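The structure appears right after this line, and notes come after that.
The values are calculated or read from the model by the stated rules, or taken from the named source; none is laboratory data. Predicted model, so just to flag it, every value in this text is computed and none were measured. As a convention, Cβ positions derive from the backbone with ideal geometry for all residues, glycine included, and neighbour counts pool all protein chains shown. For the accessible areas, the whole protein counts, side chains as well, though only heavy atoms, and no ligand, DNA or RNA atoms are used. Shrake-Rupley method; radii C 1.70, N 1.55, O 1.52, S 1.80 Å.
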Amino acid sequence: MRKKLTAVLPAAAMFAYALAGTTGIAQNVYAADEEETLTVWCWDPTFNVYAMKQAEAEYQKDHPNFKLDIQEKVYSDIEQSLITAAEAGTYDTLPDIFLMQDYSFHKNVTNYPEIFTELTDSGIDFSQFSAGKLADSTVDEKNYGVPFDNGATIMAIRSDMVEKAGLKVEDFMDTTWSEFIELAKKVVEANDVPMLTSSGGSEIVIEMLQSAGASPIVDGEVKLVDNEALKAAIEVYKQLIDEGIMVDYTDWDQYIASMNKGTAAGVIQGCWIMSSIQAAEDQSGKWAIVNMPALDDIEGATNYANCGGASWAVSSNCKNTELAFDFLNSTFGADVDLYDDLLVNAGAIASYLPAAESDVYNETSDFYGGQAVYKDIVEFAGQVPGIDYGAYYSDIRSALTDAVTNVVQNDADIDEEIQNAQDTVEFNISE
């Protein structure tokens with residue numbers, strides 16, 4: 001993928017931005033001759049660490065004294081260090097900026113609010129990011145994270161297998177689940193493989209739930225029972241498995257192999273799955289990207305969801321929040337050229353919506369049959385509904401995985417399993 005994207009836009013002159021009053025006018029607010037040093041915790045040298053190094057280089061163009069002390073840590077160590085500091089009430093061990101997995105924000109902001117510096121009034125224009133992504137780091141209508149990567153859900157499908165069934169890729173765009181299932185049956189029959197591969201039990205159910213904007217937490221209360229969209233999602237999941245349209249692997253390697261070896265015709269997953277799909281270089285030109293199906297007869301249902309990702313946070317130990325805000329605002333909050341570079345050299349797709357307008361994002365991909373997939377994905381991200389998991393994403397997902405497993409494997413009653421899931425989550429969060 002990285003070799004295909006070669007026409008990077010020339011780097012523009014960088015400015016440090018902050019929102020001036022209520023006018024929305026951006027201006028340089030941090031003097032370039034002051035000492036400017038920030039410490040950052042993040043993981044993955046070819047992805048997140050690379051992104052921070054590039055952001056540092058861009059910001060240094062107008063701030064020659066600026067420097068980042070980037071400390072690479074695995075994510076589990078980052079989260080444990082945050083919790084240890086919070087429980088000890090000693091925050092001077094924390095960096096100025098750290099990367100946090102999106103699904104951890106609500107839990108940690110709720111349980112350890114002293115870790116974070118609120119970003120709502122930082123000058124960053126959060127309206128320029130995917131609402132679905134942004135919701136993960138927004139707690140009580142306050143912003144605590146600057147979105148980094150893109151987890152927009154895609155349906156990647158084998159165009160050659162679709163065409164063998166006498167269909168076109170376009171037939172799968174903007175479908176409902178009932179429409180998709182009828183199309184998928186033709187692909188299964190023509191190719192003798194499932195239409196979809198999946199892994200993770202409830203993950204695709206949660207994506208369906210988000211696509212309908214149906215929060216599992218409402219006003220701080222667990223809302224699984226009487227959640228119309230959730231029941232519909234589990235019914236769809238069961239039908240997909242029962243009719244051989246989808247196969248669900250418990251082993252991740254087998255899941256990836258099903259795409260690479262052609263034993264499935266497609267996958268619904270966060271867009272980060274593309275790097276695994278593209279590992280099968282012999283399949284170049286045989287894949288395409290469309291949006292996911294929408295739940296039938298559910299008010300507010302869409303074809304868009306988000307799965308996974310991370311965002312940048314500012315810690316309470318940051319002694320120079322003005323600098324931290326200005327740095328994040330000028331780079332991840334405004335710089336399309338930076339996002340162009342990250343796409344080409346790190347494979348990081350932006351959730352910053354203006355990135356879709358750049359020449360780099362509008363380049364076509366040979367692997368995906370000449371489709372401008374990165375532009376499409378950013379546009380998908382802009383349509384994702386925001387939903388509330390509260391502080392309990394892991395509890396909800398675990399309980400729903402048990403429910404889905406019992407429904408599919410033991411033909412358990414869906415309503416009873418949803419009630420069991422609700423009871424389990426309520427018990428866990430009451431402890």
Unmet requirement for residue 329, which otherwise passes all of (1) among the polar types (S, T, N, Q); (2) modelled with pLDDT of 95 or more; (3) in contact with a helix residue (DSSP H, G or I) (Cβ under 8 Å, 6 or more places away or on another chain); (4) surrounded by 19 or more Cβ atoms within 10 Å (Cβ to Cβ): (3)
Being open to solvent by less than 10 Å² (accessible area, probe 1.4 Å), outside any loop (DSSP other than H, G, I, E, B), within 21 Å of residue 153 (Cβ to Cβ) and polar (S, T, N, Q): is that true of residue 276 here? no
For region 137-169, what are the residues that are surrounded by fewer than 18 Cβ atoms within 10 Å (Cβ to Cβ) and in contact (Cβ under 8 Å) with a residue 60 or more places away in the chain? 160
Return only the number of the condition from (1) touching a helix residue (DSSP H, G or I) at 6+ places or on another chain (Cβ under 7 Å); (2) in contact (Cβ under 8 Å) with a residue 40 or more places away in the chain; (3) open to solvent by 40 Å² or more (accessible area, probe 1.4 Å) that residue 242 does not satisfy. (1)
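Report yes if residue 181 is farther than 17 Å from residue 236 by Cα and open to solvent by less than 10 Å² (accessible area, probe 1.4 Å), otherwise no.
Working: farther than 17 Å from residue 236 by Cα: no; open to solvent by less than 10 Å² (accessible area, probe 1.4 Å): yes.
No, not satisfied.
Please find, within region 373-396, the residue that is farthest from residue 147 (Cα to Cα) out of those that are hydrophobic (A, V, I, L, M, F, W, C) and in a loop (DSSP other than H, G, I, E, B).
391
Within region 154-208, track down each residue that is of a type in the set (Gly, Ala, Ser) and at positive phi. Talk me through it step by step, then tell me what you get.
First pass over region 154-208, keeping only residues of a type in the set (Gly, Ala, Ser): 156, 159, 165-166, 178, 184, 190, 198-202.
Correct list: 166, 200, 201.
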Scan region 201-220 for residues that are touching an Asp or Glu at 6+ places or on another chain (Cβ under 8 Å) and surrounded by fewer than 23 Cβ atoms within 10 Å (Cβ to Cβ) and jot them down. 201, 215, 217, 218
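Among the residues of region 186-208 satisfying the criterion of being more than 22 Å from residue 287 (Cα to Cα) and within 15 Å of the chain's Cα centre (by Cα), which is modelled with the highest pLDDT? Spell out how you get there, then give the answer.
Here is the first cut: in region 186-208, the residues more than 22 Å from residue 287 (Cα to Cα) are 200-203, 205-206, 208.
Checking the rest, the ones that are also within 15 Å of the chain's Cα centre (by Cα) come to 203, 206, 208.
Numbers: 203: 90, 206: 94, 208: 97.
Once the filter is applied, the top-ranked residue is 208.
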In region 68-87, what residues are open to solvent by 70 Å² or more (accessible area, probe 1.4 Å) and in a helix (DSSP H, G or I)? 76, 77, 80, 84, 87
Failed item in (1) open to solvent by 30 Å² or more (accessible area, probe 1.4 Å); (2) free of Cβ contacts under 8 Å to residues at least 12 places away in the same chain, with residue 372 passing the rest: (1)
Any residue at all in region 324-346 that is in contact with a Phe, Trp or Tyr (Cβ under 7 Å, 6 or more places away or on another chain), closer than 30 Å to residue 171 by Cβ and aliphatic (A, V, I, L, M)? yes
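In the list 51, 57, 26, which residue meets the criterion of being under 18 Å from residue 332 (Cα atoms), modelled with pLDDT under 95 and of a type in the set (A, V, I, L, M, F, W, C)?
Numbers: 51 fails: modelled with pLDDT under 95; 57 fails: modelled with pLDDT under 95.
Answer to the check: 26.
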Residue that is more than 30 Å from residue 181 (Cα to Cα), surrounded by fewer than 24 Cβ atoms within 10 Å (Cβ to Cβ) and among the hydrophobic types (A, V, I, L, M, F, W, C), where the choices are 336, 247, 314: 336
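Only one of these is open to solvent by less than 20 Å² (accessible area, probe 1.4 Å), at pLDDT below 95 and in a helix (DSSP H, G or I): 356, 403. Name it.
On the way: 403 fails: at pLDDT below 95.
It is 356.
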Members of region 33-44 that are at pLDDT below 95 and either over 19 Å from the mean Cα position of the chain (by Cα) or over 18 Å from residue 350 (Cα atoms) (or both): 33, 34, 35, 36, 37
If residue 427 meets every condition in (1) within 19 Å of the chain's Cα centre (by Cα); (2) farther than 28 Å from residue 301 by Cβ; (3) open to solvent by 10 Å² or more (accessible area, probe 1.4 Å); (4) not small (Gly, Ala, Ser) apart from one, which number is that one? (1)
